Amino acid sequence: MNAATPAERMLTELGISEPKEIDLDAIAWTKGAVVNYRPMDSCEATIVGTRRRAVISINSRSSPKRRRFSLAHEIGHWHHHRGRILFCGKSDVCNFANGPLDPERQADGFASDLILPNFMVTPRLRKMKRPTLAAARELAGEFEASLTATLFKMTVLNRFPIVLVCHNKEKRRWFERAKMIQPWWVPAKQLDPQTFAAEMLFKGAAEQAFPRKMPADAWFDVRGGDDLEVEEQSFLLPNEEILTILKLPDEAVA
Ligand SMILES: [Zn+2]
């Protein structure tokens, strides 16, 4: 069992133990931050505060899940970067392409632990039979989290031999690999035309209801990749990007 993160400690101190109890406005209030929702043109959220009190503003034009993640992100800034005035743009909040030392990624990490706390997600993952989009959507619904944030958490928690990868039409934008996978399994920089992901992104093919098998070398440049198979399942993101879950064979597990 991993040590509790700052966000998880915050939940535990407030006696919160179930997903439906994670009321972010109330949590912000107990920490001295008032939240207001208003239309904003140039950013997703802001925080303005002294050492003790803060006002968090959230863009009311964003979707409910986006607003929820943005608020958790600002509570993360309040915890880690207190006393600064921060304007968080669309590319700052929930951007898995940011580097690990970036304060925006730090706030995202906090948000991920506040919305999808490990101690609540882990027991649910134990009951999950396969890491499919359907299973991830069910989990995302229970936690009011985005599918991307939920899949990211599923990968980091290292329950399944999976790699999560995001591509646009030109290149790979980011990926995350379960720790159990050998580190040389790095997904391709560009989508191979034979993948189902490429069919969806470039040819408008529909999302697959179930993961489908694909030769491993369509996704990974590894020795013996033409003899191995991976399972892939993808969904489209806004802005012509696609997110794919790849379930790797036993040979890829360290
Ligand atoms: Zn931020």
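Bear in mind these aren't lab numbers, they're just calculated from the coordinates by the rules spelled out. In this text, all values refer to a predicted model and were calculated from it rather than measured experimentally. Glycine gets a Cβ as well: all are built from the backbone with ideal geometry, and neighbour counts include every protein chain shown.
Got a sec to turn the phi values of the range 88-93 into Karplus ³J(HN,Hα) couplings, 6.51 cos²θ - 1.76 cosθ + 1.60 with θ = phi - 60°, whole Hz, x for Gly and Pro?
Once θ is set to phi - 60°, the couplings for the range 88-93 become 10, x, 4, 8, 8, 8 Hz.
Taking loop as defined by DSSP and a crowding limit of 10 other beta carbons within 10 Å, which chymotrypsin sites (Phe, Trp or Tyr not before Pro) in the range 127-233 fit? Write down the numbers at each step before the final one.
Values: sites: 143, 152, 174, 175, 184, 185, 196, 202, 219, 220; in loops: 184, 185, 219.
Of the chymotrypsin sites (Phe, Trp or Tyr not before Pro), the ones in loops of the range 127-233 whose Cβ has at most 10 other Cβ atoms within 10 Å are 184.
Do any GluC sites (Glu not before Pro) in the range 188-254 lie in a loop, going by DSSP, with at most 14 other beta-carbon atoms within 10 Å of their beta carbon, and if so which? Display every interim value, and only then the final one.
Details: sites: 199, 207, 229, 231, 232, 240, 241, 251; in loops: 207, 240.
Those satisfying the criteria are 207, 240.
Mind jotting down the three principal axis lengths of the range 6-115 based on Cα atoms? Whole angstrom, largest first.
36, 29, 28
Could you check how many percent of all C-alpha pairs in the chain are farther apart than 26 Å? Spell out each step's value before the answer.
Values: 13583 of 32131 pairs.
Pairs farther apart than 26 Å: 42 percent.
I'd like the Karplus ³J(HN,Hα) series for the range 50-58: coefficients 6.51, -1.76, 1.60, θ = phi - 60°, whole numbers in Hz, and an x wherever there's a Gly or Pro.
9, 6, 10, 10, 9, 10, 9, 10, 10
Residue 229's amide H: which non-local residues (gap 5+, or another chain) put their own amide H closer than 5 Å, with H modeled 1.01 Å from N in plane and none for Pro or chain starts?
216
Taking H as built 1.01 Å from N, whose amide H comes closer than 5 Å to the amide H of residue 174, not counting residues under 5 places away?
Counting only residues 5 or more places away or on other chains, the set is 166.
On a 21 Å Cα-Cα criterion, which of the cross-link pairs 129/153; 127/247; 129/203 come out too long?
On the way: 129/153 16 Å; 127/247 17 Å; 129/203 31 Å.
Beyond 21 Å: 129/203.
Provide the per-residue ³J(HN,Hα) series for the range 16-25, in order, calculated from phi with Karplus coefficients 6.51, -1.76, 1.60 and θ = phi - 60°, each as a whole number of Hz, with x at glycine and proline positions.
Result, ordered by residue: 8, 10, 10, x, 5, 8, 7, 8, 5, 4 Hz.
For helix 147-156, report the angle its Cα long axis makes with the longest principal axis of the Cα atoms of the chain; keep it between 0 and 90° and round to the nearest 10°.
70
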